[in-house]
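The values are calculated or read from the model by the stated rules, or taken from the named source; none is laboratory data. These figures come from a predicted structure and were not determined experimentally. Heads up, the Cβs are rebuilt from the backbone with ideal geometry, glycines too, and the neighbour counts pull from every protein chain shown.
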């Protein structure tokens, strides 16, 4: 699950630099979607939802690469941004659902409830940012409100990413105290054998 957590950094955040003319995105979205795809490929057997994450991340990798290359503007750019926002929101929902499904079937605690709360905040943040993007086109003077919405979105995305890193850590160590077949391992010295 760690590749998904790192992929979320690429998907959620954008860090661009103007190097000798062209603007270069140092956190390109297609790389993030590829990381999510790779991890979902491994997890698809454990959770039916991760098979949905697999195809959605593949489609979004191609879509975001094409959107970046074509870079549409105006109303077409707004439509492209809306579709990308919908894809990210659906991916966040599926990731939280997949962790919950895995936790339920494997009977292990991955702190799904906390991840689900951050999922809700992130989805609301994405919807609010897109609504502000549309509103700025038609209603002048909402710049300060847009700034507050962007700050809320940033906090929600950081929270979801950090929570997913914690989930990935718990997933990695889920079997540390269990042996083959799921039985508890005995910690410490074994009791003496009596004949």
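Which one is modelled with the lowest pLDDT among residues in segment 94-112 that are part of a helix (DSSP H, G or I) and surrounded by fewer than 18 Cβ atoms within 10 Å (Cβ to Cβ)?
Taking segment 94-112 and keeping what is part of a helix (DSSP H, G or I), we get 94-106, 112.
Filter once more, keeping what is surrounded by fewer than 18 Cβ atoms within 10 Å (Cβ to Cβ): 101, 104-106.
Details: 101: 91, 104: 86, 105: 84, 106: 80.
Checked segment 94-112; the qualifying residue modelled with the lowest pLDDT is 106.
Can you confirm whether residue 138 is more than 16 Å from the chain's Cα centre (by Cα), surrounded by fewer than 16 Cβ atoms within 10 Å (Cβ to Cβ) and within 22 Å of residue 75 (Cβ to Cβ)?
Details: more than 16 Å from the chain's Cα centre (by Cα): yes; surrounded by fewer than 16 Cβ atoms within 10 Å (Cβ to Cβ): yes; within 22 Å of residue 75 (Cβ to Cβ): yes.
Yes; evaluated as a whole, the condition is true for this residue.
Regarding segment 156-166, can at least one residue be identified that is surrounded by fewer than 11 Cβ atoms within 10 Å (Cβ to Cβ) and either assigned to a helix (DSSP H, G or I) or modelled with pLDDT of 70 or more (or both)?
No, segment 156-166 has no match at all.
Output the residues belonging to segment 141-155 that are surrounded by fewer than 18 Cβ atoms within 10 Å (Cβ to Cβ) and assigned to a helix (DSSP H, G or I). Give the steps one after another, and end with the answer.
From segment 141-155, those surrounded by fewer than 18 Cβ atoms within 10 Å (Cβ to Cβ) are 141-148, 150-152, 154-155; that's our starting set.
Selection gives 143, 144, 145, 146, 147, 148, 150, 151, 152, 154, 155.
Quick check: is even one residue across segment 113-131 in a helix (DSSP H, G or I), modelled with pLDDT under 85 and out of contact with any strand residue (DSSP E or B) (no Cβ under 9 Å at 6 or more places or on another chain)?
Within segment 113-131, none of the residues are in a helix (DSSP H, G or I), modelled with pLDDT under 85 and out of contact with any strand residue (DSSP E or B) (no Cβ under 9 Å at 6 or more places or on another chain).
Taking interchain pairs and intrachain pairs at least six residues apart, which have beta carbon atoms under 7 angstrom, with the first residue in segment 116-136 and free of Cβ contacts under 8 Å to residues at least 24 places away in the same chain and the second in a helix (DSSP H, G or I) and buried (at least 18 other Cβ atoms within 10 Å of the Cβ)?
These pairs meet every condition: 116/96; 116/100; 132/149.
Kindly state which helices (runs of 4 or more DSSP H) lie completely within segment 1-92 and contain at least 2 residues that are surrounded by 15 or more Cβ atoms within 10 Å (Cβ to Cβ) and touching a residue at least 60 places away in the same chain (Cβ under 8 Å). If you could, list the steps in order and put the result at the bottom.
Values: elements: 2-12, 29-43, 48-70.
So the answer is 2-12.
Quickly run through segment 101-112 and pick out the residues that are free of Cβ contacts under 8 Å to residues at least 60 places away in the same chain and more than 11 Å from residue 167 (Cβ to Cβ).
Scanning segment 101-112 gives 101, 104, 105, 107.
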